[in-house]
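Asks: Quick one: this structure, given as C-alpha cells, is what I'll be asking you about.
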Amino acid sequence: MATLSPDIEYADRGRGPALLFVPGSFGTGAGWRAVIDKMGNGYRIVTTSLLGYGATAERRPSHNPTMAEQVEVLDAILDRIDAPAHVVGHSYGGLATVAHAILGKRRPASLVLVEANPLGILRAADDQAYYDLFGAMTKVNFAEFEAGRPDAARRVIDFYAGSGAFDELPQKVRDYIVATTASNILDWASGTAFRPVLADYSAIAVPTLVVRGGDGHPAMLRIAELLAARIPRATLVTIEGGRHFLPATHAAAIANLIATHVLSVSGPP
C-alpha cells in the first residue's frame with residue numbers, strides 16, 4: 001500500500017479496465033476485499049479510504065464541512081490512475097462518488113453505486129418524510145457523541161441494518177467504529193450539506209449501476225429509485241434479502257454485477 005500526497009491511501013494492482021473501489025464510513029479499502037477476491041483477474045484494482053479512515057488523513061474543517069475535500073481526494077486518485085476508471089462506491093463512499101461525478105474535475109468511465117446515500121436527493125424530490133428519518137437519527141447520534149458516549153455510532157449501524165446490528169459486529173469492528181466516530185460525524189455533516197438540485201443528477205453523463213438491498217431501510221430504497229430515475233444512463237438492481245452492508249454480505253452478487261456492468265461499458269477485459 002502507498003499513499004498519495006497529502007496522505008491519501010492508495011493501492012493499485014493488476015491490469016485491465018481500472019476499477020476504483022471507494023468504501024463508506026467506518027471503512028477502508030480492505031472492506032472491499034471479499035468483492036475483489038471474487039472479481040477474478042483481468043482488472044486493474046485500485047482501493048483507497050476516504051478522509052479520516054485507514055491511511056487517509058482527516059483534513060476537513062470541524063465546523064460546516066462540505067464534500068469539497070472528498071471530491072479532491074477522488075480527483076487526486078483518478079489523476080494517479082490516469083486512465084478511464086469505473087468508480088464503485090458504497091454508502092457514504094457512494095455519496096462521495098455522486099458528489100465527484102457532479103463537482104469533480106476528472107470524469108469517470110462509469111459509476112457503480114452500492115447503497116449510496118446522497119440523502120439530499122430526498123429533499124430535492126420533496127420526499128421530506130424519508131429525509132426526516134435521517135435527521136432524527138443523526139440528531140440523536142450527534143447529541144450522544146457530544147455527550148461523550150463512546151458507542152454513539154451504534155445509532156448509524158442500527159439505522160441501516162436493524163436494531164441490535166451494532167452489538168452483533170465482531171469486537172474488532174466495533175472498536176474501529178468507535179475510534180473513527182469523529183470522522184463519521186463529519187461524514188454526516190458534509191453529506192447533509194450536499195444539496196444539488198435534481199437537474200445536477202440528470203447531468204451525470206456516464207453509465208451508472210445503482211444497487212440496493214431489497215430488505216434495506218425504506219429511505220435508502222427510495223434514494224436508489226430516485227438516483228436511477230434521475231441519472232439518464234442508470235440501471236437499478238435490487239439484491240433480494242440484502243440490506244445496507246452488501247459488500248460484506250453479498251460479495252459474490254456484487255462482484256458479478258460489477259463485472260457485467262464493466263463488460264457492458266468497456267467490453268471484455
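Any read-out appearing in this document is the output of simple, stated calculations on the displayed coordinates, not a laboratory observation. Just so it is clear, the model here is predicted, and its values are computed rather than measured. All Cβ positions, even for glycine, are placed from backbone atoms using ideal geometry, and neighbour counts span all protein chains on display.
Asks: Please enumerate the residues belonging to region 35-56 that are in contact with a Gly (Cβ under 7 Å, 6 or more places away or on another chain), hydroxyl-bearing (Ser, Thr, Tyr) and in a loop (DSSP other than H, G, I, E, B).
Replies: Tyr43, Thr48, Ser49, Tyr53
Asks: Take the residues in region 57-76 that are hydrophobic (A, V, I, L, M, F, W, C) and not in a loop (DSSP other than H, G, I, E, B), then tell me which one is nearest to Val98 (Cα to Cα).
Replies: Going through the qualifying residues, I end up with Val71.
Asks: Being out of contact with any helix residue (DSSP H, G or I) (no Cβ under 8 Å at 6 or more places or on another chain), of a type in the set (A, V, I, L, M, F, W, C) and over 30 Å from Asn256 (Cβ atoms) narrows it down to one residue among Ala152, Ala179; which is it?
Replies: The match here is Ala179.
Results for (1) without any contact (Cβ under 8 Å) to a residue 12 or more places away in the chain; (2) among the hydrophobic types (A, V, I, L, M, F, W, C); (3) farther than 18 Å from Asp187 by Cα, shown as yes or no for each residue.
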| site | (1), (2), (3) |
| --- | --- |
| Arg15 | no, no, yes |
| Val22 | no, yes, no |
| Gly31 | no, no, no |
| Arg44 | no, no, yes |
| Asn64 | no, no, no |
| Glu69 | no, no, no |
| Glu72 | yes, no, no |
| His86 | no, no, yes |
| Pro108 | no, no, yes |
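Asks: May I pose another question? Looking only at residues in region 106-137 that are over 26 Å from Leu257 (Cβ atoms) and not hydrophobic (A, V, I, L, M, F, W, C), which one is surrounded by the fewest Cβ atoms within 10 Å (Cβ to Cβ)?
Replies: So the residue we want is Asp126.
Asks: Report the residue count in region 138-158 for those that are out of contact with any Phe, Trp or Tyr (no Cβ under 7 Å at 6 or more places or on another chain), among the small types (Gly, Ala, Ser) and crowded, with 19+ Cβ neighbours inside 10 Å.
Replies: The number of residues fulfilling the criteria is 1.
Asks: Take Asp187 and tell me if it is of a type in the set (D, E, K, R), assigned to a helix (DSSP H, G or I) and farther than 22 Å from Gln128 by Cα.
Replies: The answer is no for Asp187.
Asks: Where in region 83-160 are there helices (runs of 4 or more DSSP H), lying fully within it, with 1 or more residues that are closer than 17 Å to Ser183 by Cβ and under 13 Å from the mean Cα position of the chain (by Cα)?
Replies: 92-103
Asks: Turning to a different aspect of this structure: Going by the conditions given, is Leu221 under 18 Å from the mean Cα position of the chain (by Cα) and closer than 25 Å to Pro17 by Cα?
Replies: Considered against the rule, which asks whether it is under 18 Å from the mean Cα position of the chain (by Cα) and closer than 25 Å to Pro17 by Cα, Leu221 comes out as no.
Asks: Right, another one. Output the residues belonging to region 27-45 that are surrounded by 23 or more Cβ atoms within 10 Å (Cβ to Cβ) and touching an Asp or Glu at 6+ places or on another chain (Cβ under 9 Å).
Replies: Gly29
Asks: Scan region 198-238 residue by residue and report those that are assigned to a loop (DSSP other than H, G, I, E, B) and of a type in the set (D, E, K, R).
Replies: Matches in region 198-238: Asp215, Arg233.
Asks: Could you please let me know if Val262 is in a strand (DSSP E or B) and touching a residue at least 24 places away in the same chain (Cβ under 8 Å)?
Replies: no
Asks: I'd like to verify a number: residues in region 93-152 that are polar (S, T, N, Q) and within 23 Å of Leu209 (Cβ to Cβ), how many?
Replies: Result for region 93-152: 3.
Asks: Consider Gly241 against the criteria (1) of a type outside the set (Asp, Glu); (2) buried (at least 22 other Cβ atoms within 10 Å of the Cβ); (3) not in a helix (DSSP H, G or I): it satisfies all of them except one. Which criterion is unmet?
Replies: Result: Gly241 passes all but (2).
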